[in-house]
Amino acid sequence: NPFSETFVSWPELLSASAGKLSAKGRFQLALRGMSSSTDFRKYLQNFLSAQSDITLSGIDGIYNETEFKKLNLDSRLHLTKGRVQTRIEKLDVEEANHGLIVGPIEVVAEMRTPLFDWQATEVDLQKAEVQVFDGKARLAPRVLQLNQPVSAELLLDNINLQALLQQYPSSEIQGTGLLQGRLPFSLDLSNRSNKKPVFFIADGRLYASDPGGVLQYQADSSALKQTHKSMELALNLLEDFHYKVLDSRISLDENQKLHLKLRLQGNNPKVERGRQVNFNIQIEEDLPALITSMQISSQISNTIQKRIQEKLQNRLNSNQ
Amino acid sequence: CTPAVQVELPKEPININLNVKIQHEILIKIDKELDDMFSKSSGLF
Amino acid sequence: MSLSEAMSKLGQTKQEGLVGEQPDGYLGVVKNKNDAKNIVSLINKARKEQYQKMAKEHKLKLSDVEALAGKKAIQKTSSGHYIKVDGKWVKK
């Protein structure tokens with residue numbers, strides 16, 4: 001495809017199938033003062049300057065296990081004194097699908113990258129928003145150093161619980177309600193050498209705004225009720241639980257286990273004559289397994305399916 | 001007149017604590033089941 | 001026509017390009033010749049029963065099972081047979 005020839009370090013997991021790339025720019029290298037003894041690197045540092053505008057429009061493609069549609073980018077690159085200044089006026093993606101379907105995504109940022117030390121990039125993030133579950137997730141504007149652990153906060157506004165539970169790969173749970181949240185996370189890209197970037201969430205909070213909503217958990221295999229007598233009341237209540245309070249603490253530890261401490265207050269009109277109930281539910285979820293399940297059941301392209309099968313295969317082989 | 005029966009609703013709420021551990025091997029199993037269903041011998045494929 | 005009869009004719013019917021696999025996990029009629037229509041409705045009924053059983057047993061949405069089945073069916077369709085891509089019948 002047209003792109004892979006142009007970019008020299010094209011990550012082989014990235015393929016683009018449609019769209020237009022246009023780039024124009026000036027490139028100057030002042031040769032006076034260049035002598036054989038000059039350290040070429042230092043020379044480039046001082047005398048090389050370049051400027052170019054790069055625009056991408058309508059790009060569809062796949063990066064690793066994420067399929068993206070209609071990516072548009074307006075960016076200005078400016079290289080002087082050995083530093084590349086990239087101004088991302090507009091980067092928006094109509095839809096990204098990593099099993100979880102999100103979008104549109106909007107990013108405005110400025111990046112300062114030392115020519116010979118790519119890792120020490122500084123990103124001045126001015127806007128980073130994504131539409132998800134009929135609501136919005138956004139990063140508070142901040143400056144990030146890519147060679148250090150990045151810590152930021154994901155703010156969630158008006159997340160529709162119904163839309164969220166529809167993407168959750170199980171038919172047993174439905175619900176309504178509008179969620180607000182704050183997820184402080186940290187992401188360490190610098191230890192790229194040994195393994196995938198380490199991502200964890202500490203003391204995140206997700207709660208439903210007034211007037212609350214309904215949670216319906218149909219554990220249709222009634223066997224579940226028999227075996228756990230004590231569970232019977234809880235399961236009956238949760239079949240149609242009208243909650244006033246839904247408040248949860250969220251954390252994601254280094255081995256990617258998601259811990260949810262959920263506080264629910266409300267009642268089930270048909271159980272115990274609608275007596276008030278306080279639930280404290282501790283949920284542990286294996287995030288990678290959840291994402292894989294969502295990927296299997298979601299509508300994503302064949303190439304990603306193959307990558308997932310490979311991932312599954314070596315996961316199955318590894319714990320044989 | 002019909003006697004008004006006043007049923008005193010217990011005031012204090014029920015407190016329930018639950019611990020839930022979610023496993024996701026299901027979809028991987030079903031993937032395998034579909035493999036068999038769409039094999040030559042199943043007759044449905 | 002019985003289900004077992006439809007099952008025995010299915011391979012040939014696909015070979016003749018009368019029926020093809022769809023992303024929703026069900027068979028579709030490509031050319032309405034011979035008894036393609038009968039075979040499709042009988043096979044699809046049997047498939048639906050299987051999907052419902054799987055969805056119930058694994059606590060999954062029927063639509064998820066159907067989507068998974070569709071992906072599998074198209075993946076496993078031998079080249080030269082028909083599959084439906086973006087609403088159009090295409091030879092794999």
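General remarks:
- Summarising the label geometry, the points placed 7 Å from Cα in the beta-carbon direction at A:Arg26 and C:Asn38 lie 7.9 nm from one another.
- The stretch between C:Gln15 and C:Lys56 holds 11.4 nm of extra length on full extension. This uses 0.36 nm per residue minus the Cα-Cα distance.
- Taking 0.36 nm per residue of separation and subtracting the Cα-Cα distance, full extension of the segment from A:Glu310 to A:Lys136 would add 59.4 nm.
- Using R0 = 41 Å, the C-beta based FRET efficiency linking A:Ile283 and A:Glu89 works out to 0.50.
- Separation of alpha-carbon centers, region C:60-77 and region A:45-112, rounded to whole Å: 35 Å
- Filter on B:Lys29/C:Lys71; A:Lys24/A:Lys90; B:Lys29/C:Lys72; C:Lys14/C:Lys92; C:Lys45/C:Lys84; A:Lys69/C:Lys61 - keep pairs with C-alpha separation over 21 Å: A:Lys69/C:Lys61
- Distant-in-sequence amide H partners of C:Asn34 (H built 1.01 Å from N, under 5 Å): none
- Computed E for C:Lys88/A:Asp188 - FRET, C-beta separation, R0 60 angstrom, nearest 0.05: 0.80
- The amide H of A:Gly135, built 1.01 Å from its N in the peptide plane, has A:Asn160 as neighbours under 5 Å, considering only residues 5 or more places off or on other chains.
- Using θ = phi - 60° and Karplus 6.51 cos²θ - 1.76 cosθ + 1.60, couplings along region A:51-61 (whole Hz; Gly, Pro as x): 8, 8, 9, 10, 10, 10, 9, x, 7, 9, x
- Positive dipole terminus of region A:54-145, leading residue within A:Gly99, A:Leu125, A:Gln85 (C-beta point charges): A:Gln85
- Per-residue SASA entry for A:Val150, accessible area with 1.4 Å probe, Å² rounded to 10: 10 Å²
- FRET efficiency, 1/(1 + (r/R0)^6) with R0 60 Å, evaluated for B:Lys29 and A:Arg273 via beta carbons: 0.90
- Working ranking of peptides B:11-21, A:98-108, A:266-276 by packing, defined as the average number of other Cβ atoms within 10 Å per residue, highest first, is A:98-108, A:266-276, B:11-21.
- Note on C:51-61: average number of Cβ atoms from other chains within 10 Å of each residue's Cβ is 5.
- Highest-fluctuation residue, C:Gly20, C:Gly80, C:Gly70 considered, GNM on chain C with Cα pairs under 10 Å: C:Gly80
- Remark: mean inter-chain Cβ contacts per residue of A:230-242 equal 1, using a 10 Å Cβ-Cβ cutoff to other protein chain atoms.
- Ranking of C:Lys76, A:Lys81 by solvent-accessible surface, largest first: A:Lys81, C:Lys76 (1.4 Å probe, protein heavy atoms only, all chains present).
The values are calculated or read from the model by the stated rules, or taken from the named source; none is laboratory data. Fair warning: this is a prediction, and the values are worked out from it, not measured in the lab. A quick note on method: Cβ atoms are made from the backbone with ideal geometry, for glycine too, and the neighbour counts reach across all protein chains shown. Ligands, DNA and RNA are stripped out before the accessible areas are found, and what is left, the full protein with its side chains, is counted by its heavy atoms. Shrake-Rupley method; radii C 1.70, N 1.55, O 1.52, S 1.80 Å.
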